[in-house]
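Participant: Before anything else, here's the structure in question.
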Amino acid sequence: MILYLDTSSLVKLYVEEAHSDAVRQWVESAEAVATCRVAYPEMMSALTRRYNGGDLPREGYETLAECFAGQWEHIVALDFDEIEAGRLVREYGLRGFDAVHLAAAKLLSDDNGAVEVAFSSFDKKLNGAAEAEGLAVFAVRE
């Protein structure tokens, strides 16, 4: 199974948050972890916002940023279909980068069902759109 992580899920691998343990378990059970290329700058932005907001000390920020950068090569980094992302925005009212993530994940799942793909996000609207588009969704049900 390939696990697609949007940035909200990816952050939980590096920053201890609610449901970080669940995401780590999902990653351990996956054969591969994938995300869209936009997740790299989004992740760096999330870490930088945490640092600038005082949630991460300088040393912790540097360590997490370097760790993520070093592990990036082990994540399947996908491009996306911009026309499909635009359709997803119109169909589901998604934000731009949420639609980009879903369009990228759909590229994995369009291989005649030969590859099992699970989608993970902590955005309910995005998860609903992923389910409506036929993707299995790994989410914490509250």
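The values are calculated or read from the model by the stated rules, or taken from the named source; none is laboratory data. Predicted model, so just to flag it, every value in this text is computed and none were measured. In this analysis, Cβ positions are derived from the backbone assuming ideal geometry, glycine residues included, and neighbour counts consider all displayed protein chains.
Participant: Would you be able to tell me the number of residues in segment 118-135 that are of a type in the set (Gly, Ala, Ser), over 14 Å from the mean Cα position of the chain (by Cα) and at pLDDT 95 or above?
Facilitator: From segment 118-135, those of a type in the set (Gly, Ala, Ser) are 118, 120-121, 128-130, 132, 134; that's our starting set.
When the remaining residues are screened for being over 14 Å from the mean Cα position of the chain (by Cα), the result is 128-129, 132, 134.
Then drop every residue that is not at pLDDT 95 or above, which leaves 128-129, 132.
Number of matching residues: 3.
Participant: Search segment 1-18 for residues being assigned to a loop (DSSP other than H, G, I, E, B) and closer than 12 Å to PHE138 by Cβ, and hand back the single one that is farthest from the chain's Cα centre (by Cα).
Facilitator: The selected residue is MET1.
Participant: Output the number of residues of segment 88-123 satisfying the condition of being touching a residue at least 12 places away in the same chain (Cβ under 8 Å) and over 18 Å from ILE75 (Cα atoms). It would help to see each step written out before you state the result.
Facilitator: As a first pass, look at segment 88-123 and keep what is touching a residue at least 12 places away in the same chain (Cβ under 8 Å): 88, 91-94, 97-109, 115-123.
Cutting the leftovers down to over 18 Å from ILE75 (Cα atoms) gives us 88, 91-94, 97-99, 122-123.
Final tally of qualifying residues: 10.
Participant: Here is a further query. Output the residues belonging to segment 38-47 that are touching a helix residue (DSSP H, G or I) at 6+ places or on another chain (Cβ under 8 Å) and either of a type in the set (A, V, I, L, M) or exposed (fewer than 14 other Cβ atoms within 10 Å of the Cβ) (or both).
Facilitator: To start, the set of residues in segment 38-47 that are touching a helix residue (DSSP H, G or I) at 6+ places or on another chain (Cβ under 8 Å) comprises 38-40, 42-44, 46-47.
Hits for segment 38-47 are VAL38, ALA39, MET43, MET44, ALA46, LEU47.
Participant: Which condition from (1) of a type in the set (A, V, I, L, M, F, W, C); (2) in contact with a Cys (Cβ under 9 Å, 6 or more places away or on another chain); (3) free of Cβ contacts under 8 Å to residues at least 60 places away in the same chain is the one that ALA46 breaks?
Facilitator: Going through the list (1) of a type in the set (A, V, I, L, M, F, W, C); (2) in contact with a Cys (Cβ under 9 Å, 6 or more places away or on another chain); (3) free of Cβ contacts under 8 Å to residues at least 60 places away in the same chain, ALA46 breaks only (2).
Participant: Quick check: anything in segment 62-73 of a type in the set (S, T, N, Q), more than 25 Å from VAL140 (Cβ to Cβ), at pLDDT 95 or above and more than 14 Å from the chain's Cα centre (by Cα)?
Facilitator: At the first step, the residues of segment 62-73 found to be of a type in the set (S, T, N, Q) are 63, 71.
With the extra rule that they be more than 25 Å from VAL140 (Cβ to Cβ), the set shrinks to 63.
Right, trim to at pLDDT 95 or above and you get 63.
Filter again for more than 14 Å from the chain's Cα centre (by Cα), leaving 63.
Within segment 62-73, one or more residues are of a type in the set (S, T, N, Q), more than 25 Å from VAL140 (Cβ to Cβ), at pLDDT 95 or above and more than 14 Å from the chain's Cα centre (by Cα).
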